[in-house]
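Q: Sharing a structure with you now.
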Amino acid sequence: MITLKYLVLGLTYSGFGWGYLPGLRMNRAAIAIVGQMSAMVLRILDLETALWAIDFQYDRLLAENGDLHSVDS
């Protein structure tokens with residue numbers, strides 16, 4: 001189980017470094033979401049810690065400045 005946890009974290013951080021995961025059509029945002037969900041399933045992160053890590057004020061700032069675009073645009 002420990003090996004699986006390190007594998008998930010290693011793949012997540014490798015995907016951040018490369019900007020994608022070879023063989024998968026995933027960008028950094030998708031890698032972050034899948035990595036975070038995998039960490040929660042493996043109990044590396046709990047829900048409270050995951051929500052605490054989100055900077056909602058920065059997201060709101062991006063949305064107000066028009067820098068946060070929807071998937072459709």
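The values are calculated or read from the model by the stated rules, or taken from the named source; none is laboratory data. Keep in mind it's a predicted model, so treat the numbers as computed, not measured. Glycine also receives a Cβ, built like all others from the backbone with ideal geometry; neighbour counts cover every protein chain displayed. Side chains are part of the model used for accessible areas, which takes the heavy atoms of the whole protein and leaves out ligands, DNA and RNA. Shrake-Rupley method; radii C 1.70, N 1.55, O 1.52, S 1.80 Å.
Q: So which residues in segment 5-23 are exposed (fewer than 11 other Cβ atoms within 10 Å of the Cβ) and either touching a residue at least 24 places away in the same chain (Cβ under 8 Å) or not in a helix (DSSP H, G or I) (or both)?
A: Passing the criteria: Gly19, Pro22, Gly23.
Q: With respect to Arg28, determine if the residue is of a type outside the set (A, V, I, L, M, F, W, C) and at positive phi. Lay out the reasoning, then the answer.
A: On the way: of a type outside the set (A, V, I, L, M, F, W, C): yes; at positive phi: no.
Here the answer is no, as Arg28 does not meet what is asked.
Q: Collect the residues in segment 1-43 that are polar (S, T, N, Q) and touching a Gly at 6+ places or on another chain (Cβ under 9 Å), keeping them in residue-number order. Can you show your working first?
A: Within segment 1-43, the first condition is being polar (S, T, N, Q), and the residues that meet it are 3, 12, 14, 27, 36, 38.
Those that are polar (S, T, N, Q) and touching a Gly at 6+ places or on another chain (Cβ under 9 Å): Thr12, Asn27.
Q: Right, here's the next one. Which members of segment 37-53 meet the condition of being open to solvent by less than 60 Å² (accessible area, probe 1.4 Å) and touching a residue at least 24 places away in the same chain (Cβ under 8 Å)?
A: Listed by number, the residues that qualify are Ser38, Ala39, Leu42.
Q: If you take the residues in segment 38-73 that are among the polar types (S, T, N, Q) and within 24 Å of Thr3 (Cβ to Cβ), which one is modelled with the highest pLDDT? Walk me through how you get there before you give the answer.
A: Filtering segment 38-73 for residues among the polar types (S, T, N, Q) gives 38, 49, 57, 65, 70, 73.
Filter once more, keeping what is within 24 Å of Thr3 (Cβ to Cβ): 38, 49.
Details: Ser38: 90, Thr49: 86.
That would be Ser38.
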